[in-house]
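Participant: I have a structure here, written as structure tokens, and I will follow up with some questions on it.
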């Protein structure tokens with residue numbers, strides 16, 4: 001797991017005090033301006049995009065491809081408040097930019113975080129009226 005890595009939210013935004021949820025619901029509500037329908041649509045899009053982005057990440061054959069997919073995943077995750085995914089992607093991106101290699105365990109951690117987030121999103125969407 002990543003230690004000591006922090007994704008800094010935009011000015012005026014606050015980070016969650018507890019990291020027990022895969023999505024920071026307060027951050028997401030702020031991003032969607034309190035519109036529950038928009039929150040659900042953003043979650044659906046993030047779920048689809050994060051899983052597809054992980055597949056592209058996993059099948060990347062160049063450092064440039066890895067960096068592009070990590071950066072995309074990091075930005076999208078930060079946008080919805082999926083801080084765990086954002087932190088993991090940021091750390092992997094920093095390692096690559098520093099000339100290092102991405103630890104395969106880090107990729108596994110990103111995979112687990114994406115899966116956990118996807119399951120959480122599914123639970124949230126089940127509770128919302130259609």
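The values are calculated or read from the model by the stated rules, or taken from the named source; none is laboratory data. Everything numeric here is computed off the predicted structure, so don't read it as measured data. Ideal geometry is used to build each Cβ from the backbone, glycine not excepted, and the neighbour counts take in all protein chains shown.
Participant: Looking at this structure, is residue 117 exposed (fewer than 13 other Cβ atoms within 10 Å of the Cβ) and in contact with a helix residue (DSSP H, G or I) (Cβ under 8 Å, 6 or more places away or on another chain)? Explain how you work it out, then say what you get.
Facilitator: On the way: exposed (fewer than 13 other Cβ atoms within 10 Å of the Cβ): no; in contact with a helix residue (DSSP H, G or I) (Cβ under 8 Å, 6 or more places away or on another chain): yes.
For residue 117, the condition - exposed (fewer than 13 other Cβ atoms within 10 Å of the Cβ) and in contact with a helix residue (DSSP H, G or I) (Cβ under 8 Å, 6 or more places away or on another chain) - is not met.
Participant: So which residues in segment 86-98 are surrounded by 24 or more Cβ atoms within 10 Å (Cβ to Cβ) and without any contact (Cβ under 8 Å) to a residue 40 or more places away in the chain, if there are any at all?
Facilitator: 89, 92
Participant: Return the residues of segment 61-74 that are farther than 11 Å from residue 97 by Cβ and either touching a residue at least 12 places away in the same chain (Cβ under 8 Å) or surrounded by 16 or more Cβ atoms within 10 Å (Cβ to Cβ) (or both); say none if nothing qualifies. Outline the logic, then answer.
Facilitator: Restricting attention to segment 61-74, the residues satisfying the condition of being farther than 11 Å from residue 97 by Cβ are 61-62, 64-65, 68-69, 72-74.
If the condition is that a residue be farther than 11 Å from residue 97 by Cβ and either touching a residue at least 12 places away in the same chain (Cβ under 8 Å) or surrounded by 16 or more Cβ atoms within 10 Å (Cβ to Cβ) (or both), then 68, 69, 72, 73, 74 are the ones that fit.
Participant: Moving to a separate point now. Collect the residues in segment 52-109 that are in a loop (DSSP other than H, G, I, E, B), farther than 26 Å from residue 27 by Cα and touching a helix residue (DSSP H, G or I) at 6+ places or on another chain (Cβ under 8 Å), keeping them in residue-number order. Lay out the reasoning, then the answer.
Facilitator: Taking segment 52-109 first, the residues in a loop (DSSP other than H, G, I, E, B) are 59-62, 81-82, 98-103.
Still in the running and farther than 26 Å from residue 27 by Cα: 59-62, 98-103.
Residues satisfying the conditions are 60, 101, 102, 103.
Participant: Limited to segment 99-114, what total is found for residues that are over 11 Å from the mean Cα position of the chain (by Cα) and surrounded by 23 or more Cβ atoms within 10 Å (Cβ to Cβ)?
Facilitator: The number of residues fulfilling the criteria is 0.
Participant: Something else: In segment 1-51, how many are part of a loop (DSSP other than H, G, I, E, B), at pLDDT 95 or above and under 15 Å from the mean Cα position of the chain (by Cα)?
Facilitator: Residues flagged as part of a loop (DSSP other than H, G, I, E, B), at pLDDT 95 or above and under 15 Å from the mean Cα position of the chain (by Cα) within segment 1-51 amount to 3.
Participant: For segment 25-52, give me each residue that is free of Cβ contacts under 8 Å to residues at least 24 places away in the same chain and either closer than 18 Å to residue 105 by Cα or surrounded by 15 or more Cβ atoms within 10 Å (Cβ to Cβ) (or both). Outline the logic, then answer.
Facilitator: In the first step, residues of segment 25-52 are kept if they are free of Cβ contacts under 8 Å to residues at least 24 places away in the same chain; the result is 29-30, 32-35, 37-39, 41, 45, 48, 52.
The answer is 29, 30, 32, 39.
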